[in-house]
Amino acid sequence: MTSKKTKVLNTIAAIVVACIILSFIVVSCLGSAPSQPQFQTGELVIERDSKTIEKLSVEIAETNREMEYGLMFRHDMAPDHGMIFLFPYPQHIQMWMKNTFLPLDMVFFSEDRKIVAIAANARPQDENIIDTGTNAKYVLEINAGLAAKWNLKVGDQFLLSRK
């Protein structure tokens, strides 16, 4: 027969072991996703011939950390939302979908904010390089299929206002 004291000690020991195991699980999960940067936000308007095609609420990625993190680890995004990457100068931009769980369209813009290329339907978690073969200064990421739905074309442009 085990005493009441032994049962209590065994229960406490089991709880301590469970807490230790749980803390290891929590730490390992947190370790897999770096903390999300605090993105600035704004409104982005896509236009053709001075007529609005679409208005979006966007998060703005302009620091190296923000651009590296992008939309990683997100599982959904409203259709009227996106992320705009603001590179410091026009360059040959290559993107990828590592740790990105959303299928995306990537819209590449020149320094004068006009579309120069569209990479449609980028596959979630695909680590292949997305390369449009052209220089750009800005990249807009939106939910996959929206570029076609909105009939975006080379030459359309955007206006960005920060909140």
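The values are calculated or read from the model by the stated rules, or taken from the named source; none is laboratory data. Note that the structure is predicted; figures quoted are calculated from it, not measured. With ideal geometry, Cβ positions are generated from the backbone for all residues, glycine too; neighbour counts draw on all protein chains shown.
Screening Val45, Val8, Val16 for residues that are over 15 Å from Met106 (Cα atoms), of a type in the set (A, V, I, L, M, F, W, C) and modelled with pLDDT of 95 or more leaves exactly one candidate, Val45.
Whether any residue in region 148-162 is in contact with a Ser or Thr (Cβ under 7 Å, 6 or more places away or on another chain), assigned to a loop (DSSP other than H, G, I, E, B) and not hydrophobic (A, V, I, L, M, F, W, C) is what I want to check.
No, region 148-162 has no match at all.
Of all residues in region 112-148, those satisfying the criterion of being over 16 Å from Ala61 (Cα atoms), among the acidic types (Asp, Glu) and either surrounded by 13 or more Cβ atoms within 10 Å (Cβ to Cβ) or in contact with a Cys (Cβ under 8 Å, 6 or more places away or on another chain) (or both) are Asp126, Asp131. Do we have any residue at all in region 116-123 that's assigned by TED's automatic domain parsing to the domain that holds Gln157 and in contact with a helix residue (DSSP H, G or I) (Cβ under 7 Å, 6 or more places away or on another chain)? The answer is yes, given that some residue of region 116-123 is assigned by TED's automatic domain parsing to the domain that holds Gln157 and in contact with a helix residue (DSSP H, G or I) (Cβ under 7 Å, 6 or more places away or on another chain). Residues in region 104-146 that are of a type in the set (Lys, Arg) and assigned to a strand (DSSP E or B): Lys114, Lys137. Selection over region 30-89 of residues that are part of a helix (DSSP H, G or I) and surrounded by 15 or more Cβ atoms within 10 Å (Cβ to Cβ) gives a count of 3.
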